[in-house]
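Reviewing the structure listed below.
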Amino acid sequence: MRILFDTNVLFSAFITHGVCAGLYEECLQRAQIVVSPDILSELEEKLITKAKLSAAESREIIRAVQADAEVVRPAPMLRPVCRDPDDDLILAAALIANADAIVTGDQDLLILNSFHGIPILDPRKALAFLASFF
């Protein structure tokens, strides 16, 4: 099981320690977490600007995610799918990773429901999706 984590879910997993943290821990045990360099770069920026972590603290979290996850390098989409080009990068990463699901809190992605047969789920639905396989 390969689960692509969007930036907002990773951010919540490390900052709020709620559902997203539980999903992250569950995926460490039962699935392969997948991210891209773009996701990691945005996560690092958000950790510094929104969570007010130091650059060193942010780098520590990025290193932890890199150790836990497979980092894929997607090619840009040939045609835009989402109004936000950053969201297209998520979809492209999921395709190249052969992901079984995308987990995100981004409404612009969630409204799609799926992309090329890959379900796009919020964290709670992703937990249920993961549980359905075990």
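A few points about this structure:
- Count of residues meeting criterion [polar (S, T, N, Q) and within 23 Å of Ala101 (Cα to Cα)] in segment 26-60: 4
- Cβ pairs under 8 Å, 6+ apart, first in segment 77-96 and more than 12 Å from Ile39 (Cβ to Cβ), second assigned to a helix (DSSP H, G or I) and of a type outside the set (A, V, I, L, M): Met77/Asp88; Pro80/Asp88; Val81/Asp87; Val81/Asp88; Cys82/Asp88; Cys82/Asp108; Arg83/Asp108; Asp84/Asp108
- Within segment 4-26, residues that are without any contact (Cβ under 8 Å) to a residue 12 or more places away in the chain reach partners that are assigned to a strand (DSSP E or B) with beta carbons closer than 8 Å, at six or more positions or on different chains, in the pairs Ala13/Phe5.
- Subset of segment 16-28 (residues that are in contact with a Phe, Trp or Tyr (Cβ under 9 Å, 6 or more places away or on another chain) and of a type outside the set (A, V, I, L, M)): Cys20, Tyr24, Cys27
- Any pair with Cβ under 9 angstrom, 6 or more apart, that starts in segment 35-54 at a residue that is within 23 Å of Arg73 (Cβ to Cβ) and ends at one that is among the β-branched types (Val, Ile, Thr) and in a loop (DSSP other than H, G, I, E, B): Val35/Val72; Ser36/Val72; Pro37/Val72
- Options Leu95, Leu40; residue that is touching a helix residue (DSSP H, G or I) at 6+ places or on another chain (Cβ under 9 Å), of a type outside the set (Phe, Trp, Tyr) and either crowded, with 18+ Cβ neighbours inside 10 Å or closer than 22 Å to Asp122 by Cβ (or both): Leu40
- Of the residues screened, Glu45 is one that is surrounded by fewer than 15 Cβ atoms within 10 Å (Cβ to Cβ), of a type in the set (Asp, Glu) and in a helix (DSSP H, G or I).
- Selection from segment 12-35 of residues that are under 17 Å from Gly105 (Cα atoms) and not in a helix (DSSP H, G or I): Thr16, His17, Gly18, Ile33, Val34, Val35
Any read-out appearing in this document is the output of simple, stated calculations on the displayed coordinates, not a laboratory observation. Remember, predicted model here, so these are calculated numbers, not experimental data. Neighbour counts are summed over all protein chains in view; Cβ atoms, including those assigned to glycine, are modelled from backbone coordinates with ideal geometry.
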